[in-house]
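Everything on this sheet refers to the single structure shown next.
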Amino acid sequence: MTKIIEFALRQRLFIILSTIIIGIAGFIALRQLPIDVFPDPSPPLVQVYTEAEGMAPVEIERLISYPIESAMFGLPKVVNIRSFSTFALSIVNIYFQDKTDIYWARQLVAERLHEVRNSLPLQAKEPVLGPISTGLGLVYLYYLEGDGYSPMELRTIQDWLIKYELKSVPDVSQVLSIGGEVKQYQILVNPQSLLKYNLTLADIMDKVRKNNQNTGASFITKGKEEYIVRSVGLIKSVEDLENIVVAQQHGTPIYLRDLATIEILPAIRRGAALANGTGEKVVGMILKLFQTNTARVIADLEERIAEINKSLPPGVRLVPFYNQAALVKKCFSTVSLNLGVGILLVILVLFIFMGHFTSALIAVLSLPFSILFSFIIMDIMQLPADLMSFGGLAIGIGLIADASIIFIENTFRHYQLSGLPKHHAILAAGQEVGRPLFYAIVIIVIVFLPIFTLTGVEGIMFRPMGYTISFALVGSLLYALVSAPAFSLYLMRKGKSSEPWLIIKIKKFFLPFFYQCYRHRKIVFLVTLAVLLTGLGLLPFMGREYIPRLNEGTFHLRVTLDPNISLEEVIRQSDLIEKTILKTPEVTGVLTRIGRGEVGSHAHFVNNAEILIQLKPQRQWKRFSSPDELMEEIEHQLDKFPGLNLNMTQPIAHNLDELITGVKAQLAIKIYGENFDLLAQKAQEIKNLLATIPGAADIQVEQFAGQNHLQITLLRDKIARYGMNIQDIQETIGAALGGLTLGQIYEEQKRFDIFLRFQPQYRNNVHHIKNLLIPLPTGGSLPLEEIAQVEEVIGPRLINREQNKRFITIQANIRGRDIGGFVDEAQAKIDQNIQIPPGYFLGWGGQFELQQRANRRLALVMPLTLLLVGLLLFTIFRSYQEVLIVLINIPLALTGGLISLKIAGLYLSVPASIGFIAIFGIALEDGLVLISAIRDRLNKGLPLEQAITHGVSIKIRPVLMTSFTTIFGILPLLLAQGPGAEIQRPLATVVVGGLFTSTLVTLIVLPLVFSLFHSQPQNDLESPAN
């Protein structure tokens, strides 16, 4: 260390210039950092969507989901596979290990899909991969307004004008549409006309396909020129379709118009959208690419939307409804303000405690240098500026200043008292504290190692906090050992006194108190033990949660209605629900998405309505003090609607819960097994039991059954008698009732499907379905009821699978208590009251699962970390006794943190655990500095009592400065009220409470314990007067 300081003094101009350059580079790096709410914890996920027109959930599972699932097993780095099979849609989610390259993962999945494609049924469309996005990817929602425009016209403008403009914005992954009406050319066949002309659906399908083609015929040469030969035969209009000749009878053509009516009609809808109680709307959803800058994407979108609005047809307007920019800005402002105020408070503390302007100034410069240094590394590693990374800097403000405080304080004391020239005083000070400083920083970085071992979602969320603290600490050490000596040589001046008045006053009070404590050591030890037992005794009674809920300023209400309800009725009820919610004064707007729109996101049932509720800023609320109270009021207002199942959360929280854990609530209990009826029975038993536990809210059993089915069972013996093929029969049934896409009609760049099905009166009536004419191989036809049994039954509406097993989910949100305590109580009651059959088992998921995984990891790693710290301390002291003395600080710092959490009414959470890690580092650093000072005086020949007195007297200022700079640096996090403050408050509470006890322990208990281990038959402790 001495050689480093000597180099810094020799090359002082170079060092000062390099320090300035690093600062400038830090400012540049800050401007380049991506800005977000918090690190995107979504796992690398590839979603496979497969549409199959008209297929029921059982066939979707058996013929599509299961083959795709099976094809994905064995892929490298796959950790989980979930599938959801519902009417006409299969979704398979393939989860990969953390840090897996998403593009590589998608390539692997695409290759396996290519292998399995030929085994899928003919009704299945080509499987498509979902957007390259995440749970935080939905960054923008808007709707269209246009007086005088039909829903079909607005949807066409959205799909063929607005969407493509927005998709060209950099880092936009996908733009999805829901609501309105999709334009379609429909061929509505009259089965009576088919019977009249002795034709079949297959005849129509064949002729339409063959009459809708363009082709190229190479080129011809004419003189000196070439002409490309192009044969044009594409259908362009309804008239072109009507004039297709399907057959001839007795020389008379039979046109398609003779067999069917051809109209431009809306495509089959499985979703809709509404806004602000004003009826149906066309809604656009914009997803950003994985790991891109949210703030920059939204800024680019706002600019492009302003341009789009200028180019839209007269009267049409794109109206923004929701975007993450406001939340990002609020959260970033909250953490930036906290960081800035913390820095100012730390500077104030430094100037007060240092008592000398130039010395304090040198120490203060370590703050901007270390923070800007960390920005450079963040830019290199592409870490975003968010609640976690900036929160790490806010936590580390006090730690950042420590190294410089200790070095400058020691240098100033040497320069003031020793009479040495400035150059030699700096070297002497560095020789004394350089090595302990280095080890102290290394120990703090080691203490933060458990954060880096967190895996999965919690690792993605909290590792950036550990990174930024570590970067800043490395910067602070670099400044203390290299920059501070160079600045000291130029700036440090002697003062009137070696100590400021405040420290003199503190010593005047504290040293006599310490003298009395030394004389009554037994009482001090008993009080310390009592405090320790009190704090640790609170541990079993502390509530537990994964992470405090971020107040997003927007609610997400999921409404689930009867599984057999029609889309039109859901639209009607949703409009009434919107109008009811809008009566709440705290609500500024609502937007509802029903069912599903385009494949790619928001793939829900027709009986599911998801309502985004925009709110006024919380400071403007007059009736409610918390979001939970407002949620309860809105749910109470909706109690007048019978048959509603409600689940209220927030947009980002909802999306993350759904993508990460597969459920749409904080807690999920999954029952795995094969028999649907048994799964449903046990799920209902568990739901009833959960309802008896305090804190349970929005309890729901996933609606996987209760769907009305019209089941057509083919009779094989009769089919064989007529020489028919089941495939031919199924294709006829599917085309007649479900419909079939036969091609597309081009209108310039727009493309619209040609869709074939029976006329409504023949497909919506059971009697007509039974009389559906099925062509015979020998010619002629016979009614469907001759070869099949047609009956109404109740069947599944959704089939979930995970790791190749079926499961059903019971989900709940927890309000008014901690999730850990709730789960403990629920598990105990389920074990006592619910009998799970052999071959069936329960799984607990949601946020509880993430919390448990983080706790297990920390419980394993923390002891190993403390062991590593102990070994490092042993290399410093070469005495296990002194190692144990320093480690005494750990349980007492833990005690202070637990007591402060209990007083504040907060729960144990991952942020609180990181707070404990932070105070452990500070406590170890303070203990190391104090014990090193006492040992140094012993080595110089002072008696034990004098060595202790002098050590405490000399190090009281750096220890107090360390504690006060950390407390005041983190105080804004403790008192903040803006968005994002909820996540950092438990961490700040633990640090402040833990520092209070650890500081007292460092200055009082550690020296007393040291005296026990090094007892000598010498005189009593030196009087404070000496």
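Computed from the coordinates by the stated procedures, all read-outs in this text should not be read as laboratory data. Note that the structure is predicted; figures quoted are calculated from it, not measured. Positions of Cβ are generated from backbone atoms using ideal geometry, with glycine treated the same way; all protein chains shown enter the neighbour counts.
Structure notes:
- Among the listed pairs K687/K805; K522/K902; K310/K616; K183/K236; K207/K770; K77/K805, those beyond 24 Å (Cα-Cα): K522/K902; K310/K616; K207/K770
- Packing-based exposure ordering (other Cβ within 10 Å, fewest first) of E545, E632, E748: E748, E632, E545
- Residues V238, V283 in ascending order of nearby Cβ atoms (within 10 Å, fewest first): V238, V283.
- With neighbour counts taken as other beta-carbon atoms within 10 Å, the residues I35, I503 rank, fewest first, as I35, I503.
- Of the peptides 906-914, 731-739, 307-315, the order by per-residue mean of other Cβ atoms within 10 Å, starting with the highest, comes out as 906-914, 731-739, 307-315.
- The range 676-792, relative contact order in percent, only Cα pairs under 8 angstrom and at least six apart counted: 26
- When peptides 837-848, 570-581 are sorted by average Cβ neighbour count within 10 Å, with the highest value leading, the order is 570-581, 837-848.
- Computed from label points 7 Å out along Cα-Cβ, the spacing between N804 and I28 is 5.5 nm.
- Cα gyration tensor category, rounded, prolate or oblate, for the range 43-130 with a/c compared to 1.5: prolate
- Gained length - T580 relative to I220, 0.36 nm times residue gap less alpha-carbon distance: 122.6 nm
- Tensor-based shape of the range 452-565 (alpha-carbon gyration tensor, a/c under 1.5 rounded, otherwise prolate or oblate): oblate
- Contact order relative to length of the chain, as percent, for alpha carbon pairs under 8 angstrom and 6 or more apart: 17
- Positive-end ranking of A486, I204, I745 along the dipole of the chain, with charges on Cβ about the Cα centre, is headed by A486.
- Theoretical FRET efficiency, 1/(1+(r/R0)^6), r = Cβ-Cβ of F874 and L1000, R0 25 Å, to 0.05: 0.45
- Residues of type aspartates and glutamates that K622 reaches as a straight line, Cα spacing below 14 Å, ignoring anything fewer than 8 places off in the same chain: E586, E633
- A full extension of the chain between D147 and E635 corresponds to an added length of 172.4 nm, given 0.36 nm per residue minus the alpha carbon distance.
- Between helix 387-417 and the chain: long-axis angle, C-alpha atoms, 0 to 90°, nearest 10: 10
- Centroid-to-centroid separation of the range 733-793 and the range 437-508 [C-alpha atoms, Å]: 75
- Cross-link partners of K422 among aspartates and glutamates, defined as those whose alpha carbon lies under 15 angstrom from its own and excluding same-chain residues fewer than eight positions apart: E6, E409.
- Crossing angle, helix 889-904 versus the chain [Cα axis fit, 0-90 degrees, rounded to tens]: 60
- Rel. contact order, % - alpha carbon contacts under 8 angstrom, at least six apart, the range 40-137: 44
- Between I228 and N190, the contour length at 0.36 nm per residue exceeds the Cα-Cα span by 9.5 nm.
- Cα centroid separation, the range 265-329 to the range 915-940 (Å): 57
- Area projected by the alpha carbon convex hull of the chain, averaged over all directions, nm²: 54.1
- Spin-label zone in the range 760-792 - amide nitrogen under 18 Å from a point set 7 Å from the Cα of D717 along the C-beta vector: 785-790
- Peptides 256-262, 920-926 ordered by packing proxy, namely the average of other Cβ atoms within 10 Å per residue, highest first: 920-926, 256-262.
- When the range 43-130 is described by a simple charge dipole with +1 on each Lys and Arg Cβ and -1 on each Asp and Glu Cβ, the residue from P127, I60, I81 located farthest towards its positive end is I81.
- Nearest-ten-degree value, helix 944-975 long axis tilted from longest Cα axis of the chain: 30
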